[in-house]
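Novice: This is the structure, below, for whatever I ask next.
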Amino acid sequence: MEPLRPEDPREAGPYRLERRLGGGGTGRVYLGRSRDGRPAAVRIVRAEPTWDASFRSGFAREVEALRKVGGPRVAPVVDAGVDADPPWLATAYVPGPSLRDAVGLHGPLPAPALAVLGAGLAEGLAAVRACGLAHRDVKPSNVVLAEDGPRLVDAGVARALDAAARTLPGGPLGGRAGTPAFMSPEQARGEPAGPPGDVFALASVLVFAATGRGPFGTGPAHAVLHRVRHERPDLSGVPSPLAELLAACLAKRPDDRPTADTVLDALAVPATGAPWPPPNVTALVDELRAATLEPPAAEPDAPDDPVERASLTVANFGRSDLQIIVDGAARCALPPGGRETLAVAAGGHSVQARAAEQARPSRRRSPLNRVEARPGEDVRLAFAVRGSGGTKPVLTRMALFTGPRVPVAARVAARWGVKGALLGGLVCGLLLSAGALDGAGRSAGRTLATFLAAGLAVGAAAGFLLALLLRPRSLRLDSRGLTVFFPRGRLWRKRIRWRRLAEAALVGAGPDARIVVRYRGTPGRPGRGRDGVVVCQVRDVSDGHDLAELRRALAWFAGDLYTDRTP
C-alpha cells in the first residue's frame with residue numbers, strides 16, 4: 001500500500017479512495033471504502049480520447065458477466081461505473097500480499113504451500129470457467145495470499161478491458177491484453193484465449209512460486225513471447241511430482257493441456273492438512289489486514305504560504321517496463337507506451353529511468369536528467385530502452401524513422417551513362433556538321449568514339465555520385481517540429497513547426513499505412529501563407545515498419561493533434 005498522491009482521485013462513485021494498491025497499462029487500483037465502511041479494490045480505467053460508446057457498451061456487457069463469477073477462491077465484482085468519466089470497476093478487497101510481493105520479499109514458497117496454492121487457483125479457474133468465461137491474465141500480481149487461502153483477483157478484467165487495450169497506442173504486445181511472461185502461446189499469437197490458456201498461465205505462476213522466476217525467462221517482451229511460442233519451459237528447481245503436472249499444463253497446443261478440474265484433482269490430496277499461510281508470509285498477511293482496519297492518515301492542511309507546484313509528464317517509448325525515479329525516490333512504473341503525469345514542486349529535480357529487471361539504478365545504466373520545473377509548467381520527458389540486453393533507458397529527445405537508402409545500383413549508373421553518351425554523341429554531331437573537325441573523313445569515327453566514351457564516363461560517375469549523396473527518405477520528430485525528407489523525384493525537405501500543425505494522422509495498416517500531415521500557412525509571408533498537406537508512406541520512411549513506436553512518437557510530440565485511423 002502507498003498513500004495517495006496529489007494527482008490521484010479521491011473518490012469513484014460511492015467509494016472513498018484511501019490508498020494506492022497498484023497499477024498497470026489500463027489503469028490504477030486503489031483501496032476504496034463504501035459508505036458503510038466496506039473495503040473494495042477500485043480500478044480506475046485509464047481514459048483514452050479514442051474510446052467511444054461502443055467501448056462502454058462492450059465494457060458494460062463484460063461487467064455484467066463478471067458479476068456472475070463466484071466461489072471462495074475468486075474476488076467477485078461488487079460494483080462498476082461504466083458511464084463514469086473515467087470508468088471504474090470495484091471488486092471485493094482481499095487483505096494479503098500478492099504472490100509477486102511475497103516471493104520478491106521472502107523467496108519461493110515451500111513445497112507444501114505450492115500444493116495449496118495450485119489447488120486454490122485451479123478451483124478459482126474452474127469457477128470462472130463454469131460461468132463461460134476465462135480469466136486471461138493469471139499472473140503473480142493477480143494472486144493474493146489471504147489468511148484462508150489463495151485468491152484470484154481481477155478475474156475476467158483483462159477480457160472486460162480488452163477493447164481498451166486495442167485502443168492503446170500499440171506497444172510490443174500489439175494491443176493484446178495480458179502479461180508476456182504469463183501468456184499462453186495462443187494469446188501470444190493474438191488469438192482468442194480461453195480456459196486452456198488460463199491453465200497454461202496457472203502453471204507459469206506455480207513455476208514462479210517455486211523458483212522465483214517464470215518458465216520462459218525475462219527480457220524484452222518480444223523475446224519472451226518468442227520463447228513462449230517456440231521453446232520448452234525451464235522447470236529446473238520445481239519439485240519433481242509437481243514438475244510433471246506443470247509440464248503437461250505448459251503444452252503448446254491447448255488440446256494437450258489438462259483442465260482446471262484435472263489439476264485440482266491432482267493437487268487436492270497432497271494439499272490436505274498443509275500449513276497455510278506459509279510461515280514466511282504470515283507477518284505480511286497480518287500487516288495488511290491491520291492496515292485495512294486503520295484509517296488513512298489525514299491530509300495535511302494547506303499552509304499559509306503554499307508550495308508552488310508544477311507537473312512532470314513521463315512516457316515510455318521502449319518495449320520493456322520502466323521504473324521512473326524522481327529525486328532518488330521511485331514514483332511510478334510505466335508499461336510500454338505508458339504515460340503518467342506527476343505533481344512536483346517548482347524548482348530543480350533529477351529524473352532517472354531504469355528497466356524493470358534492474359536491481360537498482362546506476363549512473364552508467366540510467367543517466368540522471370536534470371530538469372527545471374517552473375510554477376504551473378508541465379515538463380515532458382520520454383524514455384526508451386536501448387543497447388544490448390535492453391537494460392539501458394535513455395532520454396528520447398528526438399524520434400527518427402529512416403527508410404531504405406537509394407541503392408548504388410548498376411541500373412542507376414547505366415541510366416546516367418546512357419544519357420551522358422547520348423549527350424556526347426549529340427555534341428559531336430553538332431561539331432561535325434559545323435565543320436569544326438579536321439579531316440572529318442579520317443578522324444570523325446575516332447572523335448565520335450572519344451565523345452561517346454567521355455559522355456559515358458561522365459554519366460556513370462554522375463550516377464554513382466548522385467546515388468551516394470541521396471539521403472534516405474526519413475521522418476524526424478523533435479521538440480521543434482516535424483521534418484519530412486523526400487530524396488526521390490524532388491530533392492527537398494518539408495519542415496513543419498508544431499505551432500503550425502493542424503493534424504497528424506496515421507491512416508491504413510501495415511507497411512501500406514500513410515502519414516498525413518495537415519499544416520497551417522504562415523501569415524504575412526509570401527509563398528508560405530497557404531495551408532497544405534504532406535502525405536508519405538510508412539514503408540518509405542521506416543525500414544522496420546514499426547507502427548507501434550511511430551504511434552507513440554506522434555502521440556508524444558503532436559499531442560492532441562495526433563489521430564490514429566489504423567484499423
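The values are calculated or read from the model by the stated rules, or taken from the named source; none is laboratory data. Since we're looking at a predicted model, the values are computed, not measured. Cβ: placed from backbone, ideal geometry, glycine included. Neighbour counts: every protein chain shown. Surface accessibility is based on the protein's heavy atoms, side chains included, excluding ligands, DNA and RNA. Shrake-Rupley method; radii C 1.70, N 1.55, O 1.52, S 1.80 Å.
Novice: Across segment 349-372, which residue is modelled with the lowest pLDDT among those that are part of a strand (DSSP E or B) and closer than 15 Å to S320 by Cα?
Specialist: Pass one, segment 349-372, residues part of a strand (DSSP E or B): 349-355, 369-372.
If we keep only those that are closer than 15 Å to S320 by Cα as well, we get 353-355.
Working: A353: 80, R354: 77, A355: 72.
Among residues in segment 349-372 that are part of a strand (DSSP E or B) and closer than 15 Å to S320 by Cα, the one modelled with the lowest pLDDT is A355.
Residue-by-condition table, conditions (1) of a type in the set (A, V, I, L, M); (2) surrounded by fewer than 21 Cβ atoms within 10 Å (Cβ to Cβ); (3) more than 21 Å from the chain's Cα centre (by Cα); (4) modelled with pLDDT under 90:
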residue: P110; (1), (2), (3), (4): no, yes, yes, yes
residue: L121; (1), (2), (3), (4): yes, no, yes, no
residue: V144; (1), (2), (3), (4): yes, no, yes, no
residue: G174; (1), (2), (3), (4): no, yes, no, yes
residue: Q187; (1), (2), (3), (4): no, no, no, yes
residue: V199; (1), (2), (3), (4): yes, no, yes, no
residue: A203; (1), (2), (3), (4): yes, no, yes, no
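Novice: Moving on. From A346, A330, which residue is at pLDDT 75 or above, open to solvent by 30 Å² or more (accessible area, probe 1.4 Å), more than 15 Å from the chain's Cα centre (by Cα) and over 16 Å from R380 (Cα atoms)?
Specialist: On the way: A346 fails: over 16 Å from R380 (Cα atoms).
Matching residue, one of A346, A330: A330.
Novice: State all residues of segment 300-326 that are modelled with pLDDT under 55 and not acidic (D, E); if no residue qualifies, say none. Break it down stepwise before answering.
Specialist: Quick first cut of segment 300-326, residues modelled with pLDDT under 55 only: 300-306.
Listed by number, the residues that qualify are P300, A302, P303, P306.
Novice: Further, regarding this structure: Go through segment 191-235 and count every residue that is of a type in the set (G, A, S), touching a helix residue (DSSP H, G or I) at 6+ places or on another chain (Cβ under 6 Å), over 24 Å from A102 (Cα atoms) and touching a residue at least 60 places away in the same chain (Cβ under 8 Å).
Specialist: Here the count works out to 1.
Novice: A further question follows. Looking at segment 126-136, can you tell me whether even one residue there is surrounded by fewer than 22 Cβ atoms within 10 Å (Cβ to Cβ), in contact with a strand residue (DSSP E or B) (Cβ under 8 Å, 6 or more places away or on another chain) and either more than 22 Å from V263 (Cβ to Cβ) or modelled with pLDDT of 85 or more (or both)?
Specialist: Looking through segment 126-136, at least one residue is surrounded by fewer than 22 Cβ atoms within 10 Å (Cβ to Cβ), in contact with a strand residue (DSSP E or B) (Cβ under 8 Å, 6 or more places away or on another chain) and either more than 22 Å from V263 (Cβ to Cβ) or modelled with pLDDT of 85 or more (or both).
Novice: While we're on this one: When you look at G521, is it part of a loop (DSSP other than H, G, I, E, B) and at pLDDT 70 or above, yes or no?
Specialist: yes
Novice: Residues L550, L506: which one is within 30 Å of the chain's Cα centre (by Cα), of a type in the set (A, V, I, L, M) and modelled with pLDDT of 80 or more? Walk me through how you get there before you give the answer.
Specialist: Details: L550 fails: modelled with pLDDT of 80 or more.
Going through L550, L506 in turn, the sole match is L506.
Novice: Moving on to the next point. Here are some conditions: (1) part of a strand (DSSP E or B); (2) within 26 Å of C249 (Cβ to Cβ). D79 meets all but one. Which one does it not meet?
Specialist: Answer for D79: the failing condition is (2).
Novice: Also, quick follow-up: All but one of (1) under 15 Å from H135 (Cα atoms); (2) among the hydroxyl-bearing types (S, T, Y); (3) at pLDDT 80 or above; (4) open to solvent by 10 Å² or more (accessible area, probe 1.4 Å) hold for T211, so report the exception by its number.
Specialist: (1)
Novice: Output the residues belonging to segment 63-94 that are under 30 Å from P239 (Cα atoms) and surrounded by fewer than 20 Cβ atoms within 10 Å (Cβ to Cβ).
Specialist: Let us first name the residues in segment 63-94 that are under 30 Å from P239 (Cα atoms), namely 71-75, 94.
Of everything in segment 63-94, those that are under 30 Å from P239 (Cα atoms) and surrounded by fewer than 20 Cβ atoms within 10 Å (Cβ to Cβ) turn out to be G71, P72.
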